[in-house]
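To keep things clear, I will list the structure first and then write my remarks on it.
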Amino acid sequence: MKYYADFESPTKTINDRVDIYLWGLVSEDNSYREYGISIETFFSAISQLNSNSIIYFHNISWDGVFIIHY
């Protein structure tokens with residue numbers, strides 16, 4: 001199944017760190033919607049998805065930084 005994800009975060013660092021304050025994950029057919037407030041809860045949510053799932057990001061060049069550094 002295909003999913004769409006987006007992270008929201010401040011554009012300025014706080015204590016030399018930028019954190020996610022909201023994320024959303026929605027299935028292509030809208031049958032699944034999940035929201036959270038940390039990178040840890042995002043990874044917990046996607047770990048429950050089928051292994052052949054594909055996740056598309058709204059802005060992977062920004063959101064991907066959080067995934068790479070997790």
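The values are calculated or read from the model by the stated rules, or taken from the named source; none is laboratory data. Being a predicted model, the structure only gives us computed values, none of them experimental. Heavy atoms of the whole protein, side chains included, go into the accessibility calculation; ligands, DNA and RNA do not. Shrake-Rupley method; radii C 1.70, N 1.55, O 1.52, S 1.80 Å.
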If you go through Y56, Y3, the only one that is modelled with pLDDT of 90 or more, assigned to a strand (DSSP E or B) and open to solvent by 40 Å² or more (accessible area, probe 1.4 Å) is Y56
Restricted to region 9-33 and to residues being open to solvent by 70 Å² or more (accessible area, probe 1.4 Å) and outside any loop (DSSP other than H, G, I, E, B), the residue modelled with the highest pLDDT is R33
